[in-house]
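Down below is the structure, laid out as structure tokens.
The values are calculated or read from the model by the stated rules, or taken from the named source; none is laboratory data. Here the structure is a predicted model, which is why all the values come from computation and not from measurement. With ideal geometry, Cβ positions are generated from the backbone for all residues, glycine too; neighbour counts draw on all protein chains shown.
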Amino acid sequence: MITPTSGNDAAVAAPKTGARELRRVVFGSVVGTALEWYDFFIYGTAAALVFGKVFFPQAEPRTGTLIAFATFGVGFLFRPLGGMLFGNLGDRIGRRTTLIVTTLVMGVATGAIGLLPTYESIGLWAPVLLVLLRVCQGLGAGAEFGGASTLLAEHAPHHRRGFYTSFAQTGVQIGLLTGTIVFLFVSQLPDEALFSWGWRVPFLVSFAMIGVALYVRLRVTESPIFKEMQATQTIRKLPVLDAIRSYPRNMLIGIGAHIADTALIYLYATFTVNYITGTLGLSRSVALTGIVIFSVIVIVLQPIYGALSDRIGRKPLNVFSVLFTAAFAFPFWLLVHTGTPALIWLALVLVTSLGWAPMIAVQPAFYAELFGARVRYSGFASSREVGAAIAGFSPLLAAWLQNLLGGEPWLIAVMMIVVCSISLVAFLLARRARTSTSKTSGRSRRPRRADRRRHDRRPRLSRPARRGQARVTPDAVSTE
């Protein structure tokens, strides 16, 4: 099967990964991303339920929540730096080694939050230390998903790349589910216990998770493509700069593509919790149960949507996701605003399973196919995390928009439509991002007409042989 390449990767051949090793890589990716994103997500839940009172008690309750959401957004500001720093490292010393480093950074920072003294104990130093640890979380998170997805993409067979890489997102959703379940149990405590020691438990659990994540990741082999790069001595000195120079268009596409799903998930999993408990006056268990329900459904759907993208392409699923979400924005808030738990849960299930799940399932393959192997980790993590930084303050923006209308959520629906429109443009431009690369310059260029004619001169296959070929999706690229 002939596929167009993305990047100067012609000399980098991809040895085939055996089925047993591929299963180990998938398992390692799921466990590793689940544990690391558990760390990142529990901060958002704590910001919605606890941190306003614990770290900013002198502020009026609604203002305290705004400040807590602001500290939540700080992590997103540092995710691009983490993506560039560790992505550059991953393209130089290896995907597996870099993921082990990010596991330690994220795990230690999260556990340390559970040990922080409160504002009542040390005053202003408490929120200062909280922000510093959130910065460390942002640095680790900025490289985690790009590294895990790159490792999976470079182990997976071409024709099933969407299916196998979707398990990186499965791990993220398991992290969200696990963190929410832990907080669901902790939230049953009386307020006095919750705000004194109960909120610390989900963070302290992270110390134990570090050992599990390291054990799993140390058993996973390095990417066969990276090994080949080492063997052929084709590793770049500054891959992050090469990614920007060689793929400027794809970098912009990567930034825009991640704005919608980032803004949306933190609306659904963070801001909605505060809206349900604060504005609607419902119990914490109602809000957290809704997140548990949609998380379970999204986990089941990830490999299904990933496999579907191998058949019809990444673009159709991406475009459908943002169009559905934009169309459902006002109905979503109408259902939530009723204050009826069953309707709230229905709204969350519909908007995530049909609007959010498809775009995140194909995201690992989509980004891996934007960049060549020599700069893949850097390009993937850097572009994606810049998009995350732009959209990561969505809970804070949503809270501000809600205040403008005296507690009504309708401007938030408009915000959902806007972020979906931005990512829609990126998805529509993605097909034109397919490039071949000059071996001499390493820069992207469109193939000449003569090149395309030579590319198309391949033996005519019989009908049964053609049926046996794997489908080449419109935005497919080689991992070579």
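Sort through LEU204, LEU189, LEU184 and tell me the only one that's under 30 Å from THR352 (Cα atoms), touching a Leu at 6+ places or on another chain (Cβ under 6 Å) and surrounded by fewer than 21 Cβ atoms within 10 Å (Cβ to Cβ).
Going through LEU204, LEU189, LEU184 in turn, just one is under 30 Å from THR352 (Cα atoms), touching a Leu at 6+ places or on another chain (Cβ under 6 Å) and surrounded by fewer than 21 Cβ atoms within 10 Å (Cβ to Cβ): LEU184.
Quick check on the stretch 269-287: of everything there that is at pLDDT 90 or above, buried (at least 24 other Cβ atoms within 10 Å of the Cβ) and of a type outside the set (Val, Ile, Thr), which residue is nearest to PHE185 (Cα to Cα)?
Selected residue: ALA287.
If ILE235 meets every condition in (1) closer than 26 Å to THR170 by Cα; (2) in contact (Cβ under 8 Å) with a residue 24 or more places away in the chain apart from one, which number is that one?
(1)
Is at least one residue of the stretch 123-135 under 27 Å from VAL240 (Cβ atoms), surrounded by 20 or more Cβ atoms within 10 Å (Cβ to Cβ) and modelled with pLDDT under 90?
no
When residues of the stretch 377-405 are filtered for being under 15 Å from PRO80 (Cα atoms) and not β-branched (Val, Ile, Thr), how many remain?
15
For the stretch 249-295, name all the residues that are of a type in the set (Phe, Trp, Tyr) and over 16 Å from GLY179 (Cα atoms).
TYR275
Determine which member of the set SER166, SER149 is touching a residue at least 24 places away in the same chain (Cβ under 8 Å), under 18 Å from the mean Cα position of the chain (by Cα), assigned to a helix (DSSP H, G or I) and within 22 Å of ASP242 (Cα to Cα).
From the options SER166, SER149, the qualifying one is SER149.
Table: residues versus (1) aromatic (Phe, Trp, Tyr); (2) modelled with pLDDT of 95 or more; (3) surrounded by 24 or more Cβ atoms within 10 Å (Cβ to Cβ); (4) at negative phi.
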position: LEU335; (1), (2), (3), (4): no, yes, no, yes
position: LEU343; (1), (2), (3), (4): no, yes, no, yes
position: LEU346; (1), (2), (3), (4): no, yes, no, yes
position: VAL349; (1), (2), (3), (4): no, yes, no, yes
position: PHE366; (1), (2), (3), (4): yes, yes, yes, yes
position: GLU369; (1), (2), (3), (4): no, no, yes, yes
position: ARG374; (1), (2), (3), (4): no, no, yes, yes
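Would you mind listing the helices (runs of 4 or more DSSP H) fully within the stretch 30-117 where at least 3 residues are among the polar types (S, T, N, Q)?
The helices (runs of 4 or more DSSP H) meeting that bar are 61-93, 95-113.
Can you name the condition, by its number, that ARG20 falls short on among (1) touching a helix residue (DSSP H, G or I) at 6+ places or on another chain (Cβ under 9 Å); (2) modelled with pLDDT under 90; (3) surrounded by fewer than 21 Cβ atoms within 10 Å (Cβ to Cβ); (4) not acidic (Asp, Glu)?
The failed condition is (1).
Considering every residue within the stretch 247-264, establish whether at least one is out of contact with any helix residue (DSSP H, G or I) (no Cβ under 6 Å at 6 or more places or on another chain), under 22 Å from GLY32 (Cβ atoms) and touching a residue at least 24 places away in the same chain (Cβ under 8 Å).
Scanning the stretch 247-264, I find no residue that is out of contact with any helix residue (DSSP H, G or I) (no Cβ under 6 Å at 6 or more places or on another chain), under 22 Å from GLY32 (Cβ atoms) and touching a residue at least 24 places away in the same chain (Cβ under 8 Å), so the answer is no.
Looking at the stretch 400-435 only, could you name the residues that are crowded, with 21+ Cβ neighbours inside 10 Å, modelled with pLDDT under 90 and either more than 28 Å from ALA143 (Cβ to Cβ) or of a type in the set (Ser, Thr, Tyr) (or both)?
The answer is THR435, and nothing else.
Check TYR43, TYR119 and return the single one that is at pLDDT 85 or above and within 20 Å of SER187 (Cβ to Cβ).
TYR43
How many of the residues in the stretch 322-364 are without any contact (Cβ under 8 Å) to a residue 40 or more places away in the chain, under 16 Å from ILE297 (Cα atoms) and not small (Gly, Ala, Ser)?
3
For LEU49, work out the one condition from (1) more than 24 Å from ILE259 (Cβ to Cβ); (2) touching a residue at least 60 places away in the same chain (Cβ under 8 Å); (3) under 18 Å from the mean Cα position of the chain (by Cα) it doesn't fulfil.
Every listed condition holds for LEU49 apart from (3).
Which of (1) under 17 Å from the mean Cα position of the chain (by Cα); (2) at pLDDT below 95; (3) more than 18 Å from ALA168 (Cβ to Cβ); (4) of a type in the set (A, V, I, L, M, F, W, C) does MET251 not meet, given it meets every other one?
So MET251 meets the others, but not (2).
Scan the stretch 181-209 and report the pairs whose first residue is in a helix (DSSP H, G or I) and whose second residue is at pLDDT below 90 and charged (D, E, K, R), with Cβ atoms within less than 6 Å and a gap of 6+ or a chain change.
PHE195/LYS53; SER206/ASP39
If we scan the stretch 217-238, do we find a residue that is modelled with pLDDT of 90 or more and in contact with a Phe, Trp or Tyr (Cβ under 7 Å, 6 or more places away or on another chain)?
Looking for residues that are modelled with pLDDT of 90 or more and in contact with a Phe, Trp or Tyr (Cβ under 7 Å, 6 or more places away or on another chain), one finds none in the stretch 217-238, hence no.
Quick one: is GLY254 part of a helix (DSSP H, G or I) and touching a Lys or Arg at 6+ places or on another chain (Cβ under 6 Å)?
yes
Could you go through the stretch 305-323 and let me know if any residue there is closer than 26 Å to LEU282 by Cβ and part of a helix (DSSP H, G or I).
no
Give me the pairs: first residue in the stretch 110-125 and within 23 Å of PHE207 (Cα to Cα), second residue acidic (Asp, Glu), beta-carbon distance under 6 Å, and six or more apart or on different chains, which are they?
THR110/ASP39
Within the stretch 234-241, does at least one residue satisfy the condition of being hydroxyl-bearing (Ser, Thr, Tyr), within 30 Å of THR63 (Cα to Cα) and surrounded by fewer than 24 Cβ atoms within 10 Å (Cβ to Cβ)?
The answer is no, given that none of the residues of the stretch 234-241 is hydroxyl-bearing (Ser, Thr, Tyr), within 30 Å of THR63 (Cα to Cα) and surrounded by fewer than 24 Cβ atoms within 10 Å (Cβ to Cβ).
Determine which member of the set GLY140, GLY162 is modelled with pLDDT under 90 and surrounded by 24 or more Cβ atoms within 10 Å (Cβ to Cβ).
GLY140
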